[in-house]
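The values are calculated or read from the model by the stated rules, or taken from the named source; none is laboratory data. Predicted, not measured: the structure shown is a model, and the values here were computed from it. Cβ atoms come from the backbone with ideal geometry, glycine included; neighbour counts cover every protein chain shown. Heads up: the accessible areas ignore ligands, DNA and RNA and are worked out on the full protein's heavy atoms, side chains in. Shrake-Rupley method; radii C 1.70, N 1.55, O 1.52, S 1.80 Å.
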Amino acid sequence: MRHGGETDKFASQFPAAPTPWIDLSTGINPWPWKVPRHILDTQALLTTLPTQSDFDQARLSISKRINAEPDEVLPCPGSAMAIALLPQVIKARRVAILSPTYGDHDRAWRAAGAQVISTDDPLRYADSVDVIIICQPNNPDGRVFGTDAILAARDTLKARGGLLIVDQAYVEVAPELCLASHVSGGGLVVLRSLGKFYGLAGLRFGFLLGPPKVLKDLLTLLGDWPVSPFALKIVSELYEDDAFLAQTRDRLSQAAKRLDGIFSQADIDVVGGCDLFRFIRIPKSPGLWHHLGQAGLFVRQFEWSDTHLRIGLPPDTQAEIRLAAALKSWAVLSG
């Protein structure tokens with residue numbers, strides 16, 4: 001399984017597991033923004049094409065929230081779509097990508113024929129590659145880079161005609177890391193997602209910030225109506241909800257601390273993450289992954305490591321209890 005959230009495939013591997021399934025594999029907020037009834041009940045949002053006014057209003061709401069200019073914002077049908085298309089509008093021979101990180105970046109650039117350098121320090125390649133890609137904060141380990149180091153690499157790349165691409169799908173839990181205000185300086189593309197912090201992954205909405213030519217060329221590939229009126233209306237209201245932003249940051253922080261307590265009781269090392277997931281280190285992690293699957297708990301494992309797992313936030317007390325019990329029984333079985 002390349003991603004978290006593939007619950008149908010996962011369930012087929014563990015047909016005898018107790019239900020309901022608890023999906024802790026995605027890093028998605030289990031307490032999403034509630035779509036207002038007046039939006040859900042507006043049939044016209046599902047029967048008409050989006051207008052330029054719909055598009056512009058969503059861009060304005062986004063730009064006001066993140067301190068960017070509206071013309072620097074390009075809504076798209078999920079940041080995964082943008083990741084797949086960027087290699088078609090940014091021509092690059094050599095690309096340095098943080099490793100480990102979200103795997104779709106590597107796959108997209110290799111498929112486009114670029115030479116990909118996988119490294120734990122991609123910023124040091126700013127004077128020798130065409131594109132650098134990092135996640136900030138990183139998925140799956142939560143690593144962050146200093147803003148000064150990021151901007152220095154951006155400036156070096158820009159002077160050579162290159163670009164720095166920063167995936168900020170999880171930045172709402174660490175707003176001090178937001179790079180939106182630096183996009184106007186050029187040389188920088190920022191990817192954002194509605195699916196993680198706001199919990200609306202099924203809406204398939206994301207957006208890019210970047211140079212005008214990149215956005216124009218990408219919009220040509222996306223076509224005339226890349227995002228539905230339903231999604232644009234939600235975004236226009238969601239990004240003006242100050243109360244949800246503050247309350248959710250606090251709620252996620254508290255949930256992450258409770259998750260840390262569960263791991264501490266099980267004597268499991270938390271070695272990274274952010275307030276939407278934790279990255280743990282444990283010997284023979286595939287064994288624990290399988291054990292949790294038998295207990296009806298779906299967590300994220302990685303083909304590149306047999307000592308790490310990523311585990312999202314349990315959605316309620318019962319899920320926390322089931323996770324704690326499964327970890328306790330694993331400790332007994334593994335001796």
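Descriptive notes on the structure:
- Positions within region 14-50 being among the β-branched types (Val, Ile, Thr), open to solvent by less than 70 Å² (accessible area, probe 1.4 Å) and assigned to a loop (DSSP other than H, G, I, E, B), in sequence order: Thr26, Ile28, Val35, Thr42
- Of all residues making up region 10-32, the number that are small (Gly, Ala, Ser) and in contact with a helix residue (DSSP H, G or I) (Cβ under 8 Å, 6 or more places away or on another chain): 3
- Selection from region 217-234 of residues that are crowded, with 20+ Cβ neighbours inside 10 Å and aliphatic (A, V, I, L, M): Leu218, Val227, Ala231, Leu232, Ile234
- Residues within region 132-174 that are aliphatic (A, V, I, L, M), surrounded by fewer than 19 Cβ atoms within 10 Å (Cβ to Cβ) and not in a loop (DSSP other than H, G, I, E, B), tallied: 4
- Test set (1) over 19 Å from the mean Cα position of the chain (by Cα); (2) outside any helix (DSSP H, G or I) - Glu237 fails condition number: (2)
- Of the criteria (1) open to solvent by less than 40 Å² (accessible area, probe 1.4 Å); (2) outside any helix (DSSP H, G or I), which one Leu123 fails: (2)
- Residue count for region 179-216, restricted to those that are assigned to a loop (DSSP other than H, G, I, E, B) and buried (at least 20 other Cβ atoms within 10 Å of the Cβ): 10
- Among residues of region 235-257 being among the polar types (S, T, N, Q) and open to solvent by 50 Å² or more (accessible area, probe 1.4 Å), the one that is nearest to Phe55 (Cα to Cα) is Gln247.
- Test for Val129: is it among the hydrophobic types (A, V, I, L, M, F, W, C) and either assigned to a loop (DSSP other than H, G, I, E, B) or open to solvent by 20 Å² or more (accessible area, probe 1.4 Å) (or both): yes
- Options Gln88, Gln136; residue that is of a type outside the set (A, V, I, L, M) and closer than 22 Å to Arg300 by Cβ: Gln136
- Residue within region 97-109 that is over 19 Å from the mean Cα position of the chain (by Cα), surrounded by fewer than 18 Cβ atoms within 10 Å (Cβ to Cβ), in a helix (DSSP H, G or I) and not basic (Lys, Arg) present: no
- Matching residues in region 282-300 - criterion: being surrounded by 15 or more Cβ atoms within 10 Å (Cβ to Cβ) and either of a type in the set (D, E, K, R) or modelled with pLDDT under 95 (or both): Arg300
- No other residue among Leu191, Leu203 is out of contact with any Ser or Thr (no Cβ under 8 Å at 6 or more places or on another chain) and under 21 Å from Gly27 (Cβ atoms) apart from Leu203.
- Among residues of region 51-93 being among the polar types (S, T, N, Q) and outside any loop (DSSP other than H, G, I, E, B), the one that is surrounded by the fewest Cβ atoms within 10 Å (Cβ to Cβ) is Gln52.
- Considering region 241-326, the qualifying strands (runs of 3 or more DSSP E), each wholly inside and each with 2 or more residues that are among the basic types (Lys, Arg), touching a strand residue (DSSP E or B) at 6+ places or on another chain (Cβ under 9 Å) and touching a residue at least 24 places away in the same chain (Cβ under 8 Å), run over 277-281.
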